[in-house]
1. HN-Hα J couplings of segment 72-83 from phi, Karplus 6.51/-1.76/1.60, θ = phi - 60°, integer Hz, Gly and Pro as x?
2. On a full-extension model of 0.36 nm per residue, what is the gain between Lys204 and Gln144, subtracting their alpha-carbon distance, rounded to one decimal in nm?
3. Grab the Cα-Cα distance for Ala154 and Val196, subtract it from 0.36 nm times how many residues apart they are, and report the gain in nm with one decimal.
4. Would you kindly derive the ³J(HN,Hα) couplings of segment 260-269 from the backbone phi angles with the Karplus curve 6.51 cos²θ - 1.76 cosθ + 1.60 (θ = phi - 60°), listing them in order in whole Hz, with x for Gly and Pro?
5. Students often check this: by mean Cβ neighbours within 10 Å, which of 88-96, 3-11, 75-83 ranks highest, and how do the rest follow?
6. Tell me the Kirkwood radius of segment 180-280: reciprocal of the mean inverse pair distance over distinct alpha-carbon atoms, in Å.
7. Averaged across orientations, what area in nm² does the convex hull of the alpha carbons in segment 1-154 project?
8. Can you list the lysines whose alpha carbon sits under 30 Å from that of Lys213, skipping same-chain ones fewer than 8 residues off?
Amino acid sequence: MTTIKIMTDSSCDLPGEIIGEIGVSVVPLSVQFGEECMKPDMALADFYARMKEESSLPTTASPSPQHFLHEFQKEGADRDLLVICLSAQLSSTYHHAVMAREMLLEEGYAGRIEVIDSMTTSLGLGVLVYQAAQQAAGGVPFEQVVRGVHAAIAKSDTFFFLDTLENVIKGGRLDRVRGTVASVLNIKLLMKKSDVGTIEVVEKIRGTQQALKKLMTYLDAKVHDYDKDVIAIAHSNCEARGRDFMQALLQKHPFRNVLFANMGTVIGTYAGEGGVLVAY
């Protein structure tokens, strides 16, 4: 067993079988409809169906510092811990993990513990976690794994498109009148994670197929090592669309290491149904 434990949060959207395979611990954010907290194993199809029915979006909340501390303590008294969190610009999760780290060290923790802001989320975060876990399993020293994560963050990209504007309207991120006009005109938002970890709109395109074609072109501007790099595709409850996009992408960019997943409840709350994300 590796002496390094990789930990992350539930916004990473890695499939359960991958999480089990690479031995990563996931600290969950909470997702609630009103006062009702959703179970971590809630079927995603049921979640998306309910979200469409509700007049208000569910709310999400980061794990508390005490929750993180408890998860750290479960790993033992001297194991090296590397915690990779979703962007600090999108959630207080990273800051709570840092607070828990300080609490753990004050208790006299004998191992090393690093908390890293991934500056992204969903499978953008998932790729970083996956690669770090592979390095740790391969016996790479702790300091080198940490440096590798920082280097990967600096060169990583996360792009996605929203098929519906309903969630950004409900969430108050887009004026209802302007949003309704854009919806009538079939406008799709193409978005990316910025260099500082925020989410920004890069283009507005009419029509789903045109948006997907444009999403594909962002990969063309970068040199890839198809044997070593990891490509990740996530969809928000539209598996057929996600798989079609993945197959078209791989015909043009034949990555050997591919992650594919449905966006979980945390990111799905903001993306809405029908979106596609690509990260590398």
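1. Result, rounded to whole Hz: 5, 5, 5, 7, x, 9, 8, 7, 6, 10, 10, 10.
2. On the way: separation 60, 0.36 × 60 = 21.60 nm, distance 4.01 nm.
Between Lys204 and Gln144, full extension yields an extra 17.6 nm.
3. 14.1 nm
4. 9, 7, 8, 4, x, 5, 5, 6, x, 4
5. Values: 88-96: 19.9, 3-11: 23.4, 75-83: 17.8.
Going by the mean number of other Cβ atoms within 10 Å, highest first, we get 3-11, 88-96, 75-83.
6. Details: mean 1/r = 0.0693 Å⁻¹.
About 14.4 Å for segment 180-280.
7. Values: hull surface 37.6 nm².
Averaged projected hull area, Cα only: 9.4 nm².
8. Here the lysines satisfying the reach criterion relative to Lys213 are Lys52, Lys155, Lys170, Lys188, Lys192, Lys193, Lys204, Lys222, Lys228, Lys252.
All of the numbers you see were taken from the coordinates with simple rules; none came from a lab. In this text the structure is predicted, and so the values were computed from the model without any measurement. All Cβ positions, even for glycine, are placed from backbone atoms using ideal geometry, and neighbour counts span all protein chains on display.
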